[in-house]
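Where a number appears in this text, it was derived from the coordinates with a stated rule and is not lab data. The shown structure was predicted, so the numbers you read here are calculated from the model rather than taken from an experiment. We place every Cβ from the backbone using ideal geometry, glycine too, and count neighbours over all the protein chains shown.
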Amino acid sequence: MSAVPASRPAPSRLAGLVTSGVAWGFVATALITAWVLLGLGGRAYYGTDLAVRAYAPAHRLLRPSGPVGQSFGLVGTVLMVMPFAYMARKRLSGMKGAGTLKHWLELHLFCGIVGPVLVTFHTAFKFNGIIAAAYWSMVTVMLSGFVGRYLFVRIPRSIRGNELTRAELDARAYDLHDQLALTLDSDRLMQEVEAFEATVVPADSARRSLAGQLTGDILFGRRLHAFVGRLEAEGVPPTVRDDIARVTRERVSLLRARFHLERTKELFQLWHVFHLPLVYLLLVIAAAHIALALYMGYVPFRWS
Amino acid sequence: MRRVQQILIAVLTVWAIAAGAGTARAQLGSLLSPGPLARPHASLEGVANCAKCHEQGRRVTAQKCLACHQPIAQRIARKVGVHKDAGGECVLCHAEHAGVNGELRPFDQKAFDHAAVTGFALTGKHALGAQQCAACHKGRSFVDASPACAACHTDVHKPSLGSNCATCHSTQAAFTAASTAFDHNTAAFRLIGAHTKVACASCHIGGVFKGVKFASCVNCHKEPHQPSLGSNCTTCHTTDSWRTTNVNHQRTSFPLVGAHTKVACATCHKQSATKVTLKSDTCASCHADVHAGQFKQDCKACHNETAWKGGRFDHATTAFALRGKHAPLTCDACHRPAAPTRVAARTAAVPTRVGASAAPVVDFRGLKTSCVSCHADVHQAELGTNCETCHSDADFALRAYTHKTGGPFFAAQHATLTCEQCHTSLAPARPARTGTAPLAVRFAAAERGCVSCHQDIHLGQFTARCETCHSVETAKFAVTIDHARQTSFALTGKHGAVACRECHKVETGRFPAATGTAVRLKGVGATCVSCHKDVHLGQLVANCESCHTSDTFHLATYAHKSKTVLALMTGAHARASCVDCHKATTGRFPAGTGTAIRFTTGTACVSCHVDQHRGGLGPNCGNCHRP
């Protein structure tokens with residue numbers, strides 16, 4: 001076996017979720033939303049007509065300047081600033097020892113999801129003035145974050161987070177192939193796996209398109225599941241089927257990423273151009289918003 | 001790539017400002033504002049006005065609010081009204097920047113305790129408006145409303161009755177029902193009777209409550225009587241009702257007597273307030289002239305005031321006194337409703353009351369005195385128009401009548417006949433009113449021949465008059481006839497004792513007048529065989545009278561005329577009787593098969609005698625024997 005740096009190991013699903021910033025982001029979002037809507041009476045409050053909402057029972061708590069509403073604004077702002085730590089980790093040499101880039105990214109994703117949620121409750125769904133521009137910029141940044149993550153995971157990286165070269169990528173693919181061939185010890189099964197790979201991995205001469213990449217990625221899971229189902233019908237033992245599924249999933253992902261690699265990298269670079277300016281925009285307006293609030297006397301923790 | 005990023009940042013910045021500005025009406029104040037101000041504060045929109053409410057570092061203070069809302073500040077200071085307990089910042093209760101329709105003064109109208117908060121309890125009719133603040137609070141400010149009635153209600157009495165409306169009005173009743181609060185007995189004019197039910201405005205016209213004159217009824221009530229009956233209305237009327245029965249009609253020009261005393265006032269005084277003066281001297285003022293002027297409204301001639309019907313009228317004053325059967329008749333037995341055209345001319349000349357009955361007018365004047373005016377002429381003018389010749393008004397039936405002509409005819413058997421036996425009819429023989437079917441009776445034009453009453457039982461066998469044979473003098477018109485003289489067949493010998501019916505049989509067949517059953521009197525025939533049977537069954541062609549007579553059919557003697565027979569009538573033959581040779585024989589005869597004495601016998605001996613020799617000696621018996 002060659003000393004090829006391993007790409008990100010394929011962790012178990014549960015292990016993956018435990019360290020997933022997106023998963024924790026969604027969990028936190030669900031909990032916060034349930035607490036606000038059900039625990040604090042937000043469901044009735046946000047459903048009340050704006051003209052008289054100020055006199056609803058929950059207004060004192062949930063209004064933007066109230067204890068909960070303002071706290072959401074504060075925490076949300078902090079969470080929206082936190083992603084810059086990921087940038088700092090990436091770019092500042094002094095922070096290179098401060099944890100892995102992956103963990104910083106997961107934190108980045110968590111904050112990028114929960115922050116907008118908290119800010120949304122801070123607005124009490126009332127969008128006026130230029131601060132509304134900041135809000136919608138924030139929403140756009142958050143949604144673009146999902147796009148960025150999609151592109152990011154399709155650029156194979158080493159366990160340390162460094163991008164793999166094409167040669168390293170090919171070597172890893174061969175390793176996986178050999179690993180599977182040794183495990184199976186069956187030419188027939190191996191031929192079936194290769195035949196399946198040929199259906200989900202485009203040939204080098206095939207036309208590259210974003211739509212093809214998206215649909216292929218979406219359909220791959222279903223096709224793999226169907227393939228494993230066929231193996232089960234042929235009487236392939238479960239342990240062997242699991243090995244085939246695990247290795248094939250990683251190898252096909254590598255090969256599909258390799259096929260779209262250039263385009264993915266281009267898009268990811270372009271994404272940076274789009275993602276970052278919106279963040280600056282929202283931070284500038286948010287800063288103005290905070291400054292004006294403080295100027296008017298709406299200082300934190302002084303609720304009347 | 002860096003260049004692209006810079007361009008994108010610039011574009012996004014412009015977009016953000018444009019979007020925010022577009023949302024907030026492209027004003028800096030709007031860009032910074034958390035939302036539009038409510039409509040009452042619309043004039044404070046704009047960045048230049050922020051400081052009018054907001055204070056650096058102090059948010060929105062009550063001082064800023066009350067600087068404008070002075071009336072509220074005063075009420076807070078006086079601790080009255082809704083804000084009597086207000087102490088904190090206004091924004092604790094009044095929220096802004098919730099849009100142009102944002103509610104600035106939230107409160108639960110249903111739960112609002114108007115009495116406790118404002119000191120003005122919404123009772124009675126006001127309670128109905130408790131849910132509708134705007135009914136009283138017309139302006140935007142609630143504090144503009146005053147507890148004084150005139151603050152909301154128009155003082156229609158201004159300025160006559162002062163400002164204390166509660167003297168007459170209460171919140172428990174409508175303004176128009178002021179009497180529920182005002183005790184009119186405290187006024188100079190106490191309300192009694194029907195006056196208690198009259199609306200105030202009926203007397204207090206135009207909202208004038210003071211100085212209303214009431215000394216006389218006519219101050220309020222119009223004088224309906226023309227000419228006026230004076231101002232002392234209470235002579236007839238009371239305060240309970242205008243329709244009073246308190247009028248002493250004896251004091252009027254028409255004292256009420258008889259049936260008039262029982263009539264309700266309104267029956268004659270149909271129009272209210274006696275607007276029309278009744279003409280008491282004519283009945284037609286009230287009563288419709290059902291006679292259409294036939295009596296020129298001289299009602300008293302027949303009617304009196306006791307009752308319309310049953311009035312006595314002396315019919316003897318007319319040209320037709322009612323006697324006998326006519327006396328008990330009711331008027332309408334003869335005086336019936338006339339044809340419209342018949343009275344049209346008269347009704348046109350005589351005015352009748354409006355509303356008179358449309359019933360047909362009874363014709364009293366047009367009836368004539370002749371019997372046929374009422375009675376039908378059952379004789380169809382056959383006997384003329386002078387009914388009294390036979391009938392009287394005591395009874396229509398004829399007690400006795402003597403025919404003035406045809407004396408002998410009405411004697412003997414005709415003497416006991418009743419009229420109806422000859423003058424018969426198919427309809428009831430009773431006098432009938434005009435319009436009923438006439439009776440089929442013939443008197444003057446009746447047939448005078450016997451057959452007009454009697455039936456020709458001979459069915460035309462005789463053309464001579466009945467009197468030729470029959471007479472009224474004979475019982476049952478029996479006939480005695482001289483057969484020898486009156487017919488061609490004299491009844492001689494035994495014919496004289498024979499009953500007629502022996503020869504004149506009852507036959508059914510054709511007769512001169514008709515086919516039927518009758519005694520055959522003519523055409524019986526004079527020959528013997530017309531009545532008698534030919535017992536010889538046609539053996540003898542000679543007349544019966546050749547041997548027989550009408551005295552007896554038996555032959556006393558007979559002499560054979562034939563020489564052959566005479567030659568045989570010798571010896572014992574001369575002593576022999578007829579039947580020794582002519583025996584009764586059954587067999588064929590000229591007139592048919594039957595039993596008869598056979599006259600034609602043979603001359604041979606064996607025709608009568610038995611051949612003892614049984615033909616052994618031949619047929620000629622004379623060779624040995626002699627008669």
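When B:His153, B:His536 are ordered from fewest to most other Cβ atoms inside 10 Å of their Cβ, what list results?
Listing B:His153, B:His536 from fewest to most nearby Cβ atoms yields B:His153, B:His536.
The calculated pair-distance distribution of the protein assembly as shown uses every alpha carbon pair, bins of 20 angstrom beginning at 0, and gives 8, 15, 12, 10, 9, 10, 11, 11, 9, 4, 0 percent. Dipole magnitude for region B:138-225: about 100 debye, using +1 per Lys or Arg Cβ and -1 per Asp or Glu Cβ, origin at the Cα centre. Distances between placed amide hydrogens fall under 5 Å for A:Arg157 paired with A:Arg8, A:Leu164, all partners being 5 or more residues away or on another chain.
When chain A is treated as a Gaussian network with alpha carbon springs shorter than 10 Å, the biggest mean-square fluctuation among A:Pro237, A:Pro83, A:Pro277 belongs to A:Pro237. Starting from the Cα gyration tensor of region B:547-623, take the square roots of the eigenvalues, sort them a ≥ b ≥ c, and report rounded, prolate or oblate (rounded when a/c is under 1.5, otherwise prolate if a/b is larger than b/c, else oblate). Taking the square roots of the gyration eigenvalues as a ≥ b ≥ c, region B:547-623 is oblate.
Given Cβ point charges of +1 (Lys, Arg) and -1 (Asp, Glu) and nothing else, what value in debye, to the nearest 20, does the dipole of region B:536-627 about its Cα centre take?
Dipole size: approximately 280 debye.
Remark on B:Thr61: its backbone amide H falls under 5 Å from those of B:Glu55, a criterion applied only to residues 5 or more positions apart or on other chains, H modelled at 1.01 Å from N. B:Gly119 sits among other residues whose Cβ lies under 11 Å from its own Cβ, and their net charge, with Lys and Arg +1 and Asp and Glu -1, is 0.
Neighbour counts of other C-beta atoms within 10 Å: give me B:Thr282, A:Thr264 arranged from fewest to most. Mind dumping the intermediate values first?
Values: B:Thr282 13, A:Thr264 22.
In order of increasing Cβ crowding within 10 Å: B:Thr282, A:Thr264.
Given points 7 Å out from each Cα along the Cα-Cβ axis, report the B:Phe489 to B:Ala381 separation in nanometres with one decimal. Reported label-point gap for B:Phe489 and B:Ala381 is 5.6 nm.
Kindly identify region B:450-532 as rounded, prolate or oblate by the Cα gyration tensor criterion: order the square roots of the eigenvalues as a ≥ b ≥ c, call it rounded if a/c is under 1.5, otherwise compare a/b with b/c, prolate if a/b is larger, else oblate. Show your work: numbers first, answer last.
On the way: a/c = 2.11, a/b = 1.32, b/c = 1.60.
In terms of gyration-tensor shape, oblate.
For region A:16-91 versus region B:366-392, the inter-centroid distance based on Cα atoms is 127 Å.
Across the options B:Gly615, B:Gly587, B:Gly571, the greatest Cα extent toward the positive end of the charge dipole of region B:536-627 (unit charges at beta carbon of Lys, Arg, Asp, Glu) belongs to B:Gly615. Relative intensity of chain A on a log10 scale, I(q)/I(0) at q = 0.08, 0.11 Å⁻¹, equals -0.50, -0.81, per a Debye sum over C-alpha point scatterers of equal strength in the absence of solvent.
Taking amide H atoms as placed 1.01 Å from N in the peptide plane, the amide H of B:Val519 lies under 5 Å from those of B:Glu507, each 5 or more residues away in sequence or on another chain.
Dividing the summed -39500 (n - 2.57) terms of all DSSP H runs of n ≥ 4 by the residue count of chain A sets its mean residue ellipticity at 222 nm at -24500 deg cm²/dmol. Remark: region B:603-617, residue by residue, has Karplus-estimated 3J(HN,Hα) of 8, 5, 4, 5, 5, 10, 9, 8, 6, 5, 8, 6, x, x, 10 Hz, where x stands for each Gly or Pro and the curve is 6.51 cos²θ - 1.76 cosθ + 1.60 at θ = phi - 60°.
Given the C-alpha centroids of region A:107-173 and region A:255-299, what is the distance between them in whole angstrom? Rounded to whole Å, the Cα centres lie 9 Å apart.
When chain A is treated as a Gaussian network with alpha carbon springs shorter than 10 Å, the biggest mean-square fluctuation among A:Ala181, A:Ala51, A:Ala34 belongs to A:Ala51. Between A:Met138, A:Met80, A:Met95, the GNM of chain A built on Cα springs shorter than 10 angstrom shows A:Met95 fluctuating the most. Charge dipole of region A:166-265 (Cα centre as origin; +1 on each Lys and Arg Cβ, -1 on each Asp and Glu Cβ, all else neutral): 640 debye, rounded to the nearest 20.
Computed over every Cα-Cα pair of region A:166-265 and binned at 5 Å starting from 0, the pair-distance distribution P(r) comes out as 2, 12, 25, 24, 18, 11, 6, 2, 0 percent. Please report the spacing between the Cα centers of region A:175-191 and region B:548-623 in Å, no decimals. Taking the Cα centre of each part, region A:175-191 and region B:548-623 sit 174 Å apart.
Each 5 Å bin from 0 upward holds the following percent of the Cα-Cα pairs of region A:210-304: 3, 10, 12, 11, 9, 8, 8, 7, 6, 7, 8, 6, 4, 2, 0.
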